[in-house]
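No value in this document is a laboratory result; all are computed from the given coordinates. Source: prediction; values computed, not measured. Cβ coordinates were reconstructed from backbone atoms using ideal geometry, including for glycine residues, and neighbour counts include every protein chain displayed.
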Amino acid sequence: MKEVPLQTEVKSAKRIKVSSLAKTRKRSDYFWAYLMIAPTMLGLFIFYLWPIVQNFYFSFTEWGAFGQYEWTGLDNYKRLLEDATLLQAFKNTSIYIIFTVPIGIFLSIIVAVLLNQNIKGKSIYRTLYFLPVITMPAAIAMVWKWLYNADYGMFNYLLSLARIEGPQWVSDPNIALYSIIAVAIWSGIGYNMVIFLSGLQGIPKMYYEAAEIDGAGPVTVFFKITLPLLSPVIFFVSIMSLIGAFQVFDLIFMMIGKSSTALESTQSIVYLFYQHAFVLNDKGYAAAIAVLLLAVILIITAIQMVLQKKWVHYD
Amino acid sequence: MKKWIIMLVTVVLGLIGLSGCSDSDAASGGEKDGKVEITYGFWDKKQVPAIEEIIKLFNEKYPDIKVKTEITPYGQYFQKLETAATGGALPDVLWMNGAHVVQYAEGKVILPLSEMAEKDDYSLDNYPESLIDLYTVDGDIYGIPKDYDTTGLWYNKKIFDEAGVSYPDETWDWEKLKEAAKQLTDKEKGIWGYAALMGNQGGYYDFIWQNDGYIISKDSKSVGFDQPEAIEALEYNVSFIKEGLSPTQAQMTETAASELFSSGKIAMMFDGPWMVPEYKKNPDLDVAVVPQGKKRAVSIHGLSNVISSNTKHKEEAWKFLQFLGSKEAAEVYAKTGTVIPAFNGTQDAWKESVPNLNLQAFIDGAEYSVPLPSVENTGEIWQYETDVLKKAWSEEISIEEAAEELTKKANEALSK
């Protein structure tokens with residue numbers, strides 16, 4: 001391993017002596033550094049890495065009651081290939097991702113750019129957009145469920161004033177998923193907006209000044225300066241949102257009833273995982289679903305990492 | 001390399017530190033100044049006052065047994081129990097329901113009580129027979145009944161009066177129920193005559209039994225959903241929706257039928273005694289026995305108290321269990337009016353806790369009641385019922401198709 005020379009070494013005349021001193025000091029530095037991060041590392045090992053290893057092992061087992069399990073080899077994975085419900089869940093999750101991620105990022109960039117201007121009461125607006133993020137997902141889901149209620153909800157009441165018979169937002173299998181997507185986008189804007197705002201504030205003013213002198217209009221400035229310089233942040237947000245979207249569960253769990261007619265057309269991969277692990281007590285198969293999901297997320301993130309070279313500008 | 005070693009050492013050191021913390025936990029449940037402490041696990045917060053009073057009475061008799069309560073909300077109760085049972089950390093005494101008793105008994109995580117009951121001359125005749133049946137697995141009793149619930153036909157007197165229909169009584173049968181539902185339905189006012197719920201207890205199970213059908217065969221090897229009696233009963237249920245006499249399945253998932261009923265949008269529906277605290281707020285509501293089909297039948301379910309196999313204080317747990325099943329404890333429950341106590345003869349006090357409702361209907365039902373069937377995979381079968389029957393309830397597929405699909409899936413679960 002290459003050792004970066006310490007400043008003291010460069011300054012000192014007696015190089016050798018000091019460098020050996022620096023070495024011992026470095027070792028004790030390492031010790032303290034690792035001691036400091038030990039609690040976090042522990043958490044990572046116990047609550048993340050070890051469960052992943054165990055989950056992988058359990059995906060080759062079949063579970064009975066009370067923690068008894070037996071090795072069944074690739075049985076669970078064979079089942080995965082034949083499971084039509086899983087295919088449907090992948091389809092649902094894909095639709096969810098295709099809509100929530102790009103639209104969510106697009107809208108939050110717009111909001112961030114607008115709230116980055118010097119307008120009156122911008123901190124109030126920023127707070128308002130951020131409110132859904134600090135609200136519990138369960139509470140959000142409950143409120144939207146009432147708004148969406150086909151017989152007594154506000155949306156259909158407003159539509160009825162215009163003499164339109166509103167749809168069954170969360171019960172119609174053709175509409176329910178899109179109703180959930182709308183809530184997901186709405187509740188996600190605030191979080192991404194804050195990240196984009198900090199990204200925007202990191203763009204040096206001189207570029208804008210230079211563009212202004214050259215006579216560029218606001219639209220040109222946005223596409224030629226803001227967007228390229230924001231691209232590392234956009235990349236970060238798109239990776240995080242994609243991973244988050246793959247794991248969607250709470251909104252669906254809360255908004256779609258267990259006996260709802262729209263459940264099949266809305267349930268996500270993680271919802272299916274929950275069903276198998278905790279309702280049907282089929283933990284081995286659930287573990288296999290989790291492994292599959294992990295693999296898919298890894299592959300897609302890797303593809304994103306490769307593609308970023310084509311569009312992300314670091315300065 | 002060295003960095004890795006140091007890192008590993010820190011992780012290991014941290015682990016040792018952590019495990020040091022958790023040791024103290026295991027000590028609870030042990031003996032403290034000659035006193036034995038046992039834990040009592042349950043889920044219903046509403047019953048805490050009654051349970052605390054019972055523990056107080058118990059301690060007057062046995063001052064040396066301290067009882068610690070442990071509440072887990074129902075949504076997580078059985079998930080938590082399963083994990084606790086796997087790790088041998090179940091509470092000493094705990095609540096059990098009919099859907100899980102077979103699984104827990106066959107998994108040997110709860111204790112059979114017959115031997116102890118015989119030794120102490122503890123009589124099981126004090127409880128409704130169907131409840132004793134529910135908690136008997138392979139000839140051994142595992143739980144002492146605590147309370148029970150049957151189903152009644154709740155109705156809205158105001159809607160009946162306005163439509164000029166006489167109130168339901170014990171003479172009602174399927175035909176009369178349908179006829180009344182037709183008379184009570186008022187599309188313009190947005191009132192439905194009846195709510196055809198897609199639920200098993202107090203729903204299609206009751207109708208199937210009334211029609212001489214069965215849910216699970218006596219040998220627990222097959223289900224009876226595809227039998228003509230069951231299909232007829234399911235069709236009768238769904239016919240209310242088809243004829244516009246009941247809200248649709250989608251409407252009832254979006255707005256709970258009980259909410260529609262208590263706000264006067266539904267004239268009649270099946271529901272249990274657990275709704276008494278809610279429905280008694282509306283003076284228009286009352287309750288009658290459920291109508292009869294070919295015969296009288298209503299599902300009964302009740303909770304029981306069981307002892308876990310991992311208890312270190314079997315004697316003390318058994319003493320507490322006997323007390324929980326005693327007349328004294330039942331009377332405390334009756335007084336608070338939350339549940340129907342299972343001990344025969346103590347139900348009157350419960351009935352009188354809400355005098356303006358005909359609560360006798362629930363007690364009458366116990367005579368001809370049928371316990372909810374319980375097998376090792378009850379939970380799985382219930383899941384399939386919901387998955388498949390909802391398609392029939394929302395008229396996506398016919399009753400015959402649903403019955404066939406459900407029977408196939410449930411039989412597969414039974415053969416596991």
How crowded by other chains is B:249-261, given as the mean number of beta carbons from other chains within 10 Å of each beta carbon? 5
Nearest-ten-degree value, helix B:48-61 long axis tilted from longest Cα axis of chain B: 50
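Dividing the convex hull volume of the Cα atoms of region B:197-335 by its residue count, what figure in Å³ per residue is obtained? Please list the in-between numbers first.
Details: hull volume 26.3 nm³, N = 139.
So the per-residue Cα hull volume is 190 Å³.
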Span from the region B:30-104 Cα centroid across to the region B:197-238 one, whole angstrom: 35
List the pair-distance distribution P(r) of region A:236-283, using every Cα-Cα distance, as the percent of pairs falling in each 5 Å bin from 0 up to the bin containing the longest distance, rounded to whole percents. 5, 20, 25, 23, 15, 8, 4, 1
What are the trypsin sites (Lys or Arg not before Pro) within region B:270-311 that DSSP puts in a loop, where the Cβ has at most 11 other Cβ atoms within 10 Å? B:K281, B:K295
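Within a 10 angstrom radius of each residue's Cβ in A:65-71, how many Cβ atoms of other chains show up on average? Whole number is fine. Could the numbers behind the result be given before it?
On the way: counts 12, 14, 7, 2, 0, 0, 0.
Going residue by residue through A:65-71 and averaging, the value is 5.
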So what's the convex hull volume per residue for the Cα atoms of chain A, in Å³? 237
Subtract the Cα-Cα distance of B:K221 and B:K108 from 0.36 nm times their separation in residues, and report this length gain in nm to one decimal. 38.5 nm
Most mobile listed residue (B:A233, B:A89, B:A250) in chain B, GNM with C-alpha springs under 10 Å: B:A250
Binning every alpha carbon pair distance of region B:130-197 at 5 Å from zero, what are the percents per bin? 3, 12, 21, 15, 9, 7, 8, 10, 8, 5, 2, 0
Projected label distance in nm at A:Y57 and A:E212, using a 7 Å step from Cα toward the beta-carbon: 6.3
Treating each Cα of the protein assembly as shown as an identical point scatterer and ignoring solvent, apply the Debye formula and state log10 I(q)/I(0) at q = 0.06, 0.11 Å⁻¹. -0.50, -1.34
Could you please state, rounded to a whole Å, how far the C-alpha centre of region B:247-325 is from the C-alpha centre of region B:123-180? 9
The rounded separation in angstrom of the Cα centers of region A:135-181 and region A:258-315 is 26
Cβ-Cβ FRET estimate between A:R163 and B:Y167, R0 fixed at 56 Å, reported to 0.05: 0.90
Using the 10 angstrom Cβ neighbour count as an exposure proxy, how do A:R163, A:R79 rank, fewest first? A:R163, A:R79
Within the set B:P49, B:P128, B:P112, GNM on chain B using Cα springs under 10 Å gives the largest fluctuation to B:P49
In degrees from 0 to 90, rounded to the nearest 10, what is the angle of the helix B:314-324 Cα long axis to the longest principal axis of chain B? 30
Quick calc: nm separation of the 7 Å Cα→Cβ label points for A:I98 and A:F223 -> 2.6
Can you figure out the FRET efficiency of A:L87 with A:L298, using R₀ = 25 Å and their beta-carbon distance, to the nearest 0.05? 0.80
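Taking other Cβ within 10 Å of each residue's Cβ, how do B:E70, B:E385 sort, fewest first?
Details: B:E70 14, B:E385 24.
Ascending Cβ contact count within 10 Å gives the list B:E70, B:E385.
Suppose we flag GluC sites (Glu not before Pro) only when DSSP calls them loop and at most 14 other Cβ atoms lie within 10 Å. Which is the longest uninterrupted stretch of chain A?
Working: sites that count: A:E3, A:E165.
Segment A:4-164 is the longest.
Among B:M268, A:M206, B:M198, rank each residue by its count of other Cβ atoms within 10 Å, from fewest to most, as a rough exposure measure. Walk me through the numbers before you get to the answer.
On the way: B:M268 25, A:M206 8, B:M198 22.
Ordered from fewest to most neighbouring Cβ atoms within 10 Å, B:M268, A:M206, B:M198 come out as A:M206, B:M198, B:M268.
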